[in-house]
Amino acid sequence: MRNETGWGNEGYLAGVRAGLPFALVAGVVAISFGVLARSLSWGVLAPIVFSAITFSVAAQFAVAAVLGAGGGVFTAIAAAVVLNARFLPMGMAVAPFLEGGPLRRALEGQTILTTSWALASRGGGRFDRAFMIGATVPQYLAWTIGTAVGVLSHVVVGDVERLGLDVIFPAFFLTLLMRELRSGGRLTIAATAIAAALAATLVPIAPPGVPVLAACGAALLGLKGRSS
Amino acid sequence: VSALWVAIVAVTLANVAIKAAGPVLAGAASFPHEWTT
């Protein structure tokens, strides 16, 4: 079915390349999840297994938030399920582009991530299946490995702030900029450069969250330029 | 079994089911003609 749309096997590798910047961010968020899990006395094995078999940022943080606040296990499960309910319509949207019988389609459906799904969208309701699967692979590896690093960080580096993780968001936008320099329009390149500069400038002086919001706002200008 | 492990297993099973439901239930719907020509 993929061939009918004219998308070849190179879509997997293209997806992997497109997923790398997001894997960078996923890895950092995973480290923070691992550190959080450790602070909640979850031990070493549970958070790593959680990331490896669930691979859901929102759901895992929801479980940590509810259980960490003393909430019940059913509340934690319900919160995670509600957050992940978005994958149902996303899966239905991408369904016509997946391959094989029910079992294979169910397995391919496990590669649906919000980022990969959006990256694989080709407009008009079409999706590049191989691109989506490829984009998910580096993010899964980064999420699982990052969680392990976070859980074990107190053993390896002590204070995790010594890792300099605050530079990751400027680095993320710089990575996007490198891609746009090859393929993007002038407005997109300018907006991405501004986003990277904003993130790098604001990180040392602004409260947590502000640099990312400002950089994302600048990047949205580039998205507007691309769509017009 | 601790509450944490119950949550991990339950959330994992729910996540797998949700992600599988769309592709399986929606099935292999056919492409519009203009996408395949």
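Counting neighbouring Cβ atoms within 10 Å and putting the fewest first, the residues A:L20, A:L113 line up as A:L20, A:L113. Residue-wise HN-Hα couplings along the stretch A:71-79, as the Karplus relation 6.51 cos²θ - 1.76 cosθ + 1.60 with θ = phi - 60° gives them from phi, are x, x, 5, 5, 5, 5, 5, 4, 4 Hz; Gly and Pro carry x. Each listed q (0.12 Å⁻¹) maps to a log10 I(q)/I(0) for the stretch A:25-118, found by the Debye formula over equal Cα scatterers with no solvent: -0.45.
Karplus-derived 3J(HN,Hα) values for the stretch A:112-124, using 6.51 cos²θ - 1.76 cosθ + 1.60 with θ = phi - 60°, are 6, 10, 4, 5, 5, 4, 5, 5, 7, 5, 10, x, x Hz; glycine and proline are entered as x. Phi angles of the stretch A:59-67 translate, via the Karplus equation with coefficients 6.51, -1.76, 1.60 and θ = phi - 60°, into HN-Hα couplings of 5, 5, 5, 5, 4, 5, 5, 5, 5 Hz per residue; Gly and Pro are given as x.
Cβ crowding within 10 Å, taken as a proxy for footprinting-reagent exposure, orders A:S121, A:S116 from fewest neighbours to most as A:S121, A:S116. Under 1.5 on a/c is rounded, so check that first for the stretch A:83-139, then, if it is not, pick prolate when a/b is larger than b/c and oblate when it is not; a ≥ b ≥ c are the square roots of the alpha carbon gyration tensor eigenvalues. Since a/c stays below 1.5, the shape of the stretch A:83-139 is classed as rounded.
The numbers here are math on the coordinates, done by the rules we state, and not lab data. Predicted, not measured: the structure shown is a model, and the values here were computed from it. Neighbour counts run over all protein chains shown; Cβ positions are idealised from the backbone, glycine included.
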